[in-house]
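Student: Take this structure first; my questions come after.
Please treat every number below as a calculation from the coordinates, not as lab data. Note that the structure is predicted; figures quoted are calculated from it, not measured. For neighbour counting, all protein chains shown are included, and Cβ atoms are generated from backbone atoms with ideal geometry for every residue, glycine included.
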C-alpha cells in the first residue's frame with residue numbers, strides 16, 4: 001500500500017503543480033515523464049531496502065545520492081534515446097521521491113521499541129545489542145508471560161543443555177522468533193568476531209565464483225568510466241608534486257593481495273623523498289608535505305590505484321592491502337588473519353570507513369580483521385554501494401585520512 005500511495009503522489013503531484021503554473025504538456029510528454037518517475041521511484045526504493053540490511057545509518061545523507069543517481073540515470077536514458085520527456089516533471093518527481101523516501105526512513109528509524117528476552121549464560125552482553133530495544137533476561141527455561149518480539153540466545157552453547165534447547169523449540173512452535181546472539185551482534189557491530197566463528201562459518205568466508213566474477217566486471221566497468229575524469233586530476237597533482245619537492249611523482253611499494261600474492265601498489269608521493277624513515281604513518285607525521293596532506297585528506301593520492309584495479313591486483317572495494325612484513329607479523333599473532341586475502345584488496349573498504357586509520361597494535365588490527373571478515377561474509381553489490389557512499393561522506397568530513 002505504501003508503494004502504491006507513493007507512486008500516486010509521484011504521478012499526480014508534478015503534473016498538478018505544472019498545470020497550476022500554466023505549463024502545458026503534450027499527452028506523450030506527460031506519459032513518458034510520469035513513467036520515468038515511477039520506475040525511478042521503484043528502483044530507488046529497492047536499492048534503499050537493500051542498504052538497510054547492513055549496520056550503517058541510513059539517513060537523508062545516504063538517501064540523497066541513491067535517489068539522485070537513479071533519477072540522473074533515468075534522465076540520461078531519456079536524453080540519449082531522445083524520448084519525449086519534461087525536465088520540470090522529472091525534477092519535481094526527484095524532489096518528491098526524495099521527500100517521500102526520506103520521510104519513510106525517518107518513520108522507520110523512530111518506530112516503537114521492541115522487547116526481547118535474553119537467554120543469558122554469562123556471556124551475553126546488551127552492550128553489543130541495538131540500544132533502541134528493551135531486553136529482559138530469563139532465569140529459567142519457561143515461556144515468558146508478557147508479550148515479546150523474540151528471544152536472543154547463544155544457540156551453539158545451549159545445544160548440550162536439554163532444558164534450554166527444549167525451551168527454544170517451544171518458542172519457535174509458539175511463533176516467537178529465536179535469534180542467534182553472535183549473528184545479532186555481527187549485524188549490529190558490522191564485525192565478525194573471530195572467537196565466535198563456528199565450523200559452518202568457514203564455508204561462508206569463501207565467496208562464490210559468480211560473486212567474484214561479477215565484482216571484477218563491475219570494477220572494470222566503473223574504472224573505465226572514471227578514468228577520463230581522474231586523469232586531469234592526476235596530471236594537475238603530478239605537476240604540483242614536482243613543483244613542491246624533488247623526487248618521483250608516483251610512490252611504489254610491495255603489498256600482499258589476492259590469494260596472498262605480492263603486487264606493486266601505486267600512490268601519489270605525499271612525503272619528502274629519501275626521508276629514510278620506514279615507520280608507519282603517524283598522526284601529524286613530519287614526513288608528509290603540505291601538498292601531501294591535502295592529497296591524503298581528499299584521497300587523491302589513491303587515484304593511481306585505478307591502474308592496480310585494471311591490472312587485477314586490486315578491486316575498488318575490499319580489505320586494504322598491507323606490507324609483506326606486517327602480514328607475516330599479524331598472521332603469526334592473530335588467528336585466521338590470512339582469510340582477508342580470499343578477495344582482492346580494495347582502494348576503500350568496510351574496515352576503513354568504520355574504523356578509520358589503524359595504529360600498529362594487535363588489538364586494533366584484530367578489530368580491523370573482524371570488519372574485513374564481515375565484508376567477506378556479506379560480499380555483495382549492495383554492501384559495496386554502502387561503502388562507496390560512506391567513503392564519499394568520509395572524504396567530505398575529512399575523517400580517517402593519514
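Student: Arrange the following residues from fewest to most other Cβ atoms within 10 Å of their Cβ: 208, 154. Each step should come with its number before you reach the end.
Tutor: Working: 208 9, 154 19.
Placing the least packed residue first, the sequence is 208, 154.
Student: Which of 80, 212 has the fewest other C-beta atoms within 10 Å, and how do the rest follow up to the most?
Tutor: 80, 212
Student: A follow-up question, please. Calculate the spin-label point distance for residue 262 paired with residue 161, positioning each point 7 Å from the Cα along the beta-carbon direction, and give it in nanometres.
Tutor: Taking the simple label geometry, residue 161 and residue 262 are separated by 5.1 nm.
Student: Assuming 0.890 mPa s and 25 °C, estimate D for the stretch 321-379 with Stokes-Einstein, Rh taken as the Kirkwood radius over Cα pairs, in µm²/s.
Tutor: Numbers: Rh = 11.6 Å.
Translational diffusion coefficient: 211 µm²/s.
Student: Follow-up. Dimensions of the stretch 115-189 along principal axes (Cα, Å, largest first)?
Tutor: Rounded to whole Å, the extents work out to 30, 27, 19 Å.
Student: I need 79, 64 ordered by Cβ neighbour count within 10 Å, fewest first. Show your work: numbers first, answer last.
Tutor: Working: 79 11, 64 14.
Exposure proxy ranking, most exposed first: 79, 64.
Student: Hey, another quick one. As a check on your grasp of the helix formula, calculate [θ] at 222 nm for the chain: sum -39500 (n - 2.57) over DSSP H runs of n ≥ 4, divide by the residue count, round to the nearest 500. List each step's numbers first, then the result.
Tutor: Values: 14 runs with 213 residues, N = 402.
Theoretical 222 nm ellipticity from helices: -17500 deg cm²/dmol.
Student: Where is the GNM fluctuation largest for the chain (alpha-carbon springs, 10 angstrom cutoff): 28, 262, 380?
Tutor: 28
Student: Continuing with the same structure: Pull out the extension gain between residue 108 and residue 183, defined as 0.36 nm times the separation in residues minus the alpha carbon to alpha carbon distance; nm, one decimal.
Tutor: Details: separation 75, 0.36 × 75 = 27.00 nm, distance 2.19 nm.
Full extension from residue 108 to residue 183 adds 24.8 nm.
Student: Computed FRET efficiency, Cβ-Cβ of residue 239 and residue 287, R0 22 Å: what is it to the nearest 0.05?
Tutor: Step by step, r from the Cβ atoms, then E = 0.55.
Student: Between 323, 253, 352, where does the largest GNM mean-square fluctuation fall for the chain, given springs only between Cα atoms within less than 10 Å?
Tutor: 253
Student: Based on the Cβ-Cβ distance of residue 230 and residue 208, what FRET efficiency does E = 1/(1 + (r/R0)^6) give at R0 = 30 Å, to the nearest 0.05?
Tutor: On the way: r = 31 Å, r/R0 = 1.04.
Between residue 230 and residue 208 the formula returns 0.45.
Student: What full-extension length gain, to one decimal in nm, is calculated for residue 142 and residue 1 as 0.36 nm per residue of separation minus the Cα-Cα distance?
Tutor: Working: separation 141, 0.36 × 141 = 50.76 nm, distance 3.85 nm.
So the chain would gain 46.9 nm between residue 142 and residue 1.
Student: Computed from these coordinates, which is Kirkwood radius over Cα pairs in Å: (1) 25.5; (2) 26.6; (3) 24.6?
Tutor: This structure yields the entry labelled (3).
Student: Using a Gaussian network model on the chain with a 10 Å cutoff between Cα atoms, which of 156, 170, 146 fluctuates the most?
Tutor: 146
Student: While we're looking at this one, here's another question. Obtain the nm distance between the two label points defined at residue 310 and residue 333 by a simple spin-label model: each point lies 7 Å from its Cα along the Cα-to-C-beta direction.
Tutor: 3.8
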